[in-house]
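Chemist: Questions regarding the structure given below will be posed in turn.
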Amino acid sequence: MDVHNVALTISAVGPKQYPTNELPEIALVGRSNVGKSSLTNTLINRKSFARTSSQPGKTQTLNFYNVEDQVYFVDVPGYGYAKVSKTEREKWGFMIEEYLSTRQQLRGVVSLVDARHAPSEDDINMYNWLLYFDIPVLVVATKADKIARGKWNKAESTIKKALQFDNSKSDFMMFSSVTKDGKDAVWNWIEDRMAD
Ligand code: GTP
Ligand code: MG
């Protein structure tokens, strides 16, 4: 999609605040600092529309970005950030689960993992949880610019093995918001889900 118009429609903490028009929605999930906001910015051709930060845990609400009045990107708060209190973490967990498990318009989830490492326990749980709820999932291994291209295949197999990746229910792509590698492929996946 050729993107010119994007607006942050709402930062929601619960269903009462979700947008009421019925555009398809694509959510972005992943641990704090993995690069969700950066992926959003890359897809919409902006440098810093979605707030990015070297400070993990910055995004604390479900941020609905209206893209060309055709789809919402939903930037979901990152999980696994140790420095927030247990109560805070539980509140986030509930907010995220409530959205992902009940939202009719949700067409798919882009689940980000760090290309350099094996997925965390939280990454694995999230992946399984999404499959359990029959939500189409695209695993995006981001920050791919930080590893040599010759090691991309190895990174992919390490990640898929740890996730016990199910090819029939999910897709995988390497991505970098620095080099924009994978941008078109991720957009194609999203457009396929929008058409589902
Ligand atoms: P939270 O909102 O805290 O959950 O983080 P986030 O997942 O939105 O991460 P964000 O996009 O803010 O990126 C975190 C840091 O990683 C920033 O310093 C980014 O510049 C950096 N980063 C994100 N994507 C990439 C990438 O593809 N390559 C490189 N080299 N750095 C990246
Ligand atoms: Mg963010």
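Every number here is computed from the coordinates shown, using simple stated rules; none is lab data. Nothing here was measured: the structure is a model prediction, and the numbers come from that model. In this analysis, Cβ positions are derived from the backbone assuming ideal geometry, glycine residues included, and neighbour counts consider all displayed protein chains.
Chemist: How far is the Cα center of the range 78-140 from the Cα center of the range 166-196, in Å?
Modeler: Each part's Cα centre sits 17 Å from the other's.
Chemist: Considering only 119, 15, 136, give the residue with the highest GNM mean-square fluctuation for the chain, with springs between Cα atoms whenever their separation is below 10 Å.
Modeler: Between 119, 15, 136, it is 15 that shows the largest mean-square fluctuation.
Chemist: Shifting gears a bit: Can you give the longest stretch of the chain with no exposed loop site, where a site means trypsin sites (Lys or Arg not before Pro) in a DSSP loop (not H, G, I, E or B) with at most 15 other C-beta atoms within 10 Å?
Modeler: In the chain, the maximal stretch lacking such sites is 117-168.
Chemist: Moving on. Cα convex hull of the range 6-195: mean projected area in nm², to one decimal?
Modeler: So the Cα hull casts an average projection of 10.0 nm².
Chemist: Going 7 Å from the Cα of residue 86 toward and past its Cβ, which residues in the range 120-136 have a backbone nitrogen under 20 Å from where you end up?
Modeler: Answer for this model: 121-122.
Chemist: On to the next question. Which cross-chain or sequence-distant (5 or more) residues have an amide H under 5 Å from the amide H of residue 31, H modelled 1.01 Å from N in plane?
Modeler: Under 5 Å from the amide H of residue 31: 79.
Chemist: Report the full-extension gain for the segment residue 22 to residue 69: residue separation times 0.36 nm, less the Cα-Cα distance, to one decimal in nm.
Modeler: Here the segment from residue 22 to residue 69 would lengthen by 15.9 nm.
Chemist: Run through all the Cα pairs of the range 141-194 and give the fraction in each 10 Å bin from 0, expressed as whole percent.
Modeler: Percent of Cα pairs in each bin: 22, 49, 28, 1.
Chemist: I would also like to ask the following. If you wrap the range 94-160's Cα atoms in a convex hull and average its projection over all directions, what's the area in nm²?
Modeler: Taking a quarter of the hull surface, the average projection is 5.0 nm².
Chemist: Hey, another quick one. Please order 194, 126 by the number of other Cβ within 10 Å, starting at the fewest.
Modeler: 194, 126
Chemist: Still on this structure, I have one more. Just to be sure I understand: with springs between alpha-carbon atoms less than 10 Å apart, which residue in 48, 168, 11 has the highest mean-square fluctuation in the Gaussian network model of the chain?
Modeler: Ranking 48, 168, 11 by mean-square fluctuation puts 168 first.
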